[in-house]
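Novice: Below is the structure I would like to discuss, written out as structure tokens.
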Amino acid sequence: MNKEIMTVNISIQRIKSPIVNIMWMGLLLLTALIAPLQAQDPPDTLSVILEPINVEATHSSVTMDDAAISVSSFRRSAEDLTSRRASTLDEITFTLPGIWINNRENHALGERLTVRGMGWRSQFGVRGIQVILDDIPLTVADGQTIMNMIDPAMVHSVELLRGPSATFWGNSSGGVLFLRTRPPYDDETPQYRYRGYLGSYNTMKHEAQFSRLMNGVRWNAYGSYYKSDGFRDHSQSELIRGGVSAGFDLSENTRMEARAAYSGMPYAEHPGSLPEQEAEETPRNARQLFADANAGKKFHQWMAAASLYRDFNSGLLTLTSHHSIRDLHNPLPFAYIQVDRHAGGARATYNFNDLPFQLQFGGELKWQRDDRLETNFNENAPGEPGNSIQVEQLEKVGNQALFTQAVIPYGSFSFSAGLRADRMRFSAEDEIESETGSRTFTTLNPGLGITYKLSNARIFGNLSTSFESPTTTEFKNRPTGETGFNQDLNPERTVGLESGIRGYIRDAGLEYDVTLFGMRVRDLIIGFENEEGRSFFRNEGRTRHTGLESQFNLQIHSNLSLKWMYTYLNVQFRDGEFKGNQVPGVTPHRFAATTTLNLGAHTIGFDVEWVGKYYTNSENSVANDPYMLLNGRWMFDGFSFSNWKFQPFLTLNNILNTRYNSSVAINAFGGRYFEPGSNRNFQGGFSIHIQ
């Protein structure tokens, strides 16, 4: 096998579209309308909403006040942590603009996540988006992210970067989702918390969390057990998850934090996707081919990380390292796949604090080692490996990077700039053919931004870039059936332009966030399937992404709040076989809202989500119909005894019993695009808090 070295230089190019001009005109008009309202508020109200806190998802000293990027963040309330089921991540992110998480209701595949249309092609796991849990990157060197490590019910805070972010995170950074399970350490935070519930489809879950400051050590630990038969046939699953972290001071100017996490899936059945008529008429059916093969997934995964913070007179030195181990068994109709993965990395940054501006230098290393074995499907023992070896190879990925970022204040303005250089090397050692192949990529990703501060708002604009390499799985799956890496598959390259305004109108009790953006992607990676369900990939050409993101939080009364979001997104093929078509799996319109009403000891909440029509294949010949979901929840807060509290709750999902497809399998073979969502269902349980 020939060795190929390829250099990719990301250049900043003009996004040619009349829509972009309309975007800028619209933003100027919006600013003109809002600015007078801002002037009515005294300057000291700035700290109410735009607090000078760091944007953790940038891994830098950039603050919310100076960030020339579209960023959303929120901390979940105590009522939300108790009454919201949060069995999948979409339940806590559905009101965030820009991000769309599809609950496939299939733990063998996990959620499908897109940000501004990036990540659309993923058939399992997540592609193109960085996901970080408690400072541990879940996205490994080749760009894959496995979401099963996250228990959404344990997530206390969420932060989202909604645009290209390679300046901060390098490969596969079309957006960044940063999650924390650690609650705040204050007098109102429960030291111990248990929650359990039962519900439809024989679903049960137990959760426990411990948070306490003891002898100068900040402890946080959690664990959960989940089991369900699932809405569809052949969709049973069992999940065990847990984590622990400890933060402590080594000296007056040195602090350390250590974290560990585990996720285990003893089994998760894979029902497959269905054709349109079957998904409509018999949505609980599984695809017979998958049921006969006992298709599914089981795995164990361990992760650990450590961070050291050292204050010097001139600045802050941060050193972090992380390591993960994953043991995967994945029986499918076409093969039994086993992967033993070791992955990790290290990062060092220095933030200067004695300069008249913010400045950071740093470097990062990432590595990944996948020992892959694929055998034939054992027809005599479904779900077990056969004796014929199809693939046996060792896949390695290495990533080295250097970066710098600066933020320069100038009166009400703030200017930012960043630059990151990455080198990536993929290699495969084929044990069957005794061959070795490799691919090497180098990229340079700049970013520029500007912010302007009003009394209670910030206006920002930026130009940013990102790149996304094919993953080892995408490199490996060659349409010719050969082993090794696909030598014709190249990385995607993205350049993005955005501008927005984020602020607060005190007299109206309104917080708002409006952003207009445009992106262009080159060398788009597109997937397609064969009749057995195996996916293959190729570069298609260019796509153009333009849109509007808006979010509003309104405190109507001290006991009544309303939050709503609307996202418009137009993603179109610009050349190639599908020129002029819409990119599949991306809805142009999405609206979501949630309201919470406190009536004495009772808390009642309602969520609504409307998803517009979108296509399931690149030919745009089949579409998923629009749908609306209505969910409700109730909690009683009236049982308190000394230092502990008992809170029963009830959730009712899909109240209108809408027949809909929660996700689609993009470009699936034989028109089997649809993954049906569940009918009306409920969960009931209780929570116990101990101070």
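The values are calculated or read from the model by the stated rules, or taken from the named source; none is laboratory data. Here the structure is a predicted model, which means the values were calculated and not measured. In this analysis, Cβ positions are derived from the backbone assuming ideal geometry, glycine residues included, and neighbour counts consider all displayed protein chains. Just the protein is used for accessible areas: all its heavy atoms, side chains included, with ligands, DNA and RNA removed. Shrake-Rupley method; radii C 1.70, N 1.55, O 1.52, S 1.80 Å.
Novice: So how exposed is L319, as accessible area in Å² (1.4 Å probe, rounded to 10)?
Specialist: Only protein atoms counted, so the area is about 70 Å².
Novice: Heavy atoms only, 1.4 Å probe, whole protein assembly: order K227, K613 by accessible area, highest first.
Specialist: Values: K227 80, K613 110 Å².
Descending order: K613, K227.
Novice: Quick one: P(r) of the chain from all Cα-Cα pairs, 20 Å bins, percents rounded to integers, in order of increasing distance.
Specialist: Whole-percent P(r) values from 0 Å outward: 18, 55, 27, 1.
Novice: Taking the Cα centre of the chain as origin and charging only Cβ (+1 Lys, Arg; -1 Asp, Glu), how large is the dipole, in debye to the nearest 20?
Specialist: Details: 64 positive and 75 negative charges, 208 e Å.
The calculated dipole for the chain is roughly 1000 debye.
Novice: Compute the whole-percent fraction of alpha carbon pairs in the stretch 216-329 spaced more than 24 Å apart.
Specialist: 51 percent
Novice: Name the residues of the stretch 616-653 whose amide N is less than 20 Å from a point 7 angstrom out from the Cα of F528 along the C-beta direction?
Specialist: 616-623, by backbone N distance to the label point.
Novice: In addition: Scan around G296 for amide H atoms under 5 Å from its own, H built in the peptide plane at 1.01 Å from N, and keep only partners 5 or more places away or cross-chain.
Specialist: H270
Novice: Points 7 angstrom from Cα along the Cβ direction at I556 and F606: gap in nanometres?
Specialist: Simple spin-label model gives 0.9 nm for this pair.
Novice: Shifting gears a bit: To the nearest 10 square angstrom, what accessible area does H602 show with a 1.4 Å probe?
Specialist: Rounded to the nearest 10, that gives 70 Å².
Novice: Now a separate question. If a paramagnetic tag sat 7 Å from the Cα of D354 along the Cα-Cβ line, which residues of the stretch 299-324 would have the backbone N under 11 Å from that point?
Specialist: Inside the label zone: 312-315.
Novice: Treating only the Cβ of Lys, Arg, Asp and Glu as charged (+1, +1, -1, -1), what charge dipole size does the stretch 123-240 show about its Cα centre? Round to the nearest 20 debye.
Specialist: Numbers: 11 positive and 12 negative charges, 6 e Å.
About 40 debye.
Novice: Let's test the formula: R0 of 35 Å, r as the Cβ-Cβ distance of N54 and I655. What FRET efficiency results, to the nearest 0.05?
Specialist: According to the calculation, E is roughly 0.30.
Novice: Let me check something: with ligands and nucleic acids excluded, how do I69, I501 order by accessible area (1.4 Å probe), largest to smallest?
Specialist: Ranking I69, I501 by accessible area, largest first, yields I69, I501.
Novice: H322: accessible area at probe 1.4 Å, nearest 10 Å²?
Specialist: 40 Å²
Novice: Would you rank Y614, Y262 by solvent-accessible area, highest first, keeping every protein chain in place and using a 1.4 Å probe?
Specialist: Y262, Y614
Novice: Once label points are set 7 Å from the Cα along Cα→Cβ at both E238 and L402, what is their separation, rounded to one decimal in nm?
Specialist: It is 5.2 nm.
Novice: So, one more: Full-extension gain between L510 and F361, please, as 0.36 nm times their residue separation minus the C-alpha to C-alpha distance.
Specialist: Difference between extended and current length: 49.9 nm.
Novice: Say a paramagnetic label sat at a point 7 Å from the Cα of L308, along Cα to Cβ; which residues of the stretch 243-277 have their backbone N under 20 Å from it?
Specialist: 245-260
Novice: When the chain is fully extended, how far beyond the present Cα-Cα distance does W564 get from D625, taking 0.36 nm per residue of separation?
Specialist: Length gained between W564 and D625: 19.7 nm.
Novice: Through the Karplus equation 6.51 cos²θ - 1.76 cosθ + 1.60, θ set to phi - 60°, convert the phi angles of the stretch 401-410 into ³J(HN,Hα) values in whole Hz; use x for Gly and Pro.
Specialist: Couplings: 8, 10, 8, 8, 9, 9, 10, 10, x, 8 Hz.
Novice: Grab the DSSP H runs of the chain that are 4 residues or longer, score each as -39,500 (n - 2.57), total them, divide by all residues and round the 222 nm result to the nearest 500 deg cm²/dmol. Please report the intermediate quantities before stating the final value.
Specialist: Details: 8 runs with 56 residues, N = 691.
That comes out to -2000 deg cm²/dmol.
Novice: Still on this structure, please answer the following. What's the magnitude of the charge dipole for the stretch 496-583 around its Cα centre, counting Lys and Arg as +1 and Asp and Glu as -1 at the beta-carbon? Answer in Debye, nearest 20.
Specialist: On the way: 11 positive and 12 negative charges, 55 e Å.
The calculated dipole for the stretch 496-583 is roughly 260 debye.
Novice: Just list whichever of K227/K645; K396/K579; K298/K366; K205/K645; K227/K613; K227/K298 have alpha carbons separated by over 24 Å in the model shown. List each step's numbers first, then the result.
Specialist: On the way: K227/K645 26 Å; K396/K579 35 Å; K298/K366 26 Å; K205/K645 20 Å; K227/K613 32 Å; K227/K298 14 Å.
Result: K227/K645; K396/K579; K298/K366; K227/K613 exceed 24 Å.
Novice: Another one. Taking θ as phi - 60°, what are the ³J(HN,Hα) couplings along the stretch 563-580 by the Karplus curve (6.51, -1.76, 1.60), each to the nearest whole Hz, with x for Gly and Pro?
Specialist: 10, 9, 9, 9, 10, 10, 9, 10, 10, 9, 5, 9, 7, x, 4, 10, 3, x
Novice: On to the next question. Can you tell me how much longer the chain between Y262 and E435 gets when fully stretched, taken as 0.36 nm per residue apart minus their C-alpha distance, in nm with one decimal?
Specialist: Numbers: separation 173, 0.36 × 173 = 62.28 nm, distance 3.52 nm.
Fully extending the segment from Y262 to E435 adds 58.8 nm.
Novice: How high is the FRET efficiency from L599 to Y201, r the C-beta distance, R0 22 Å, rounded to 0.05?
Specialist: 0.10
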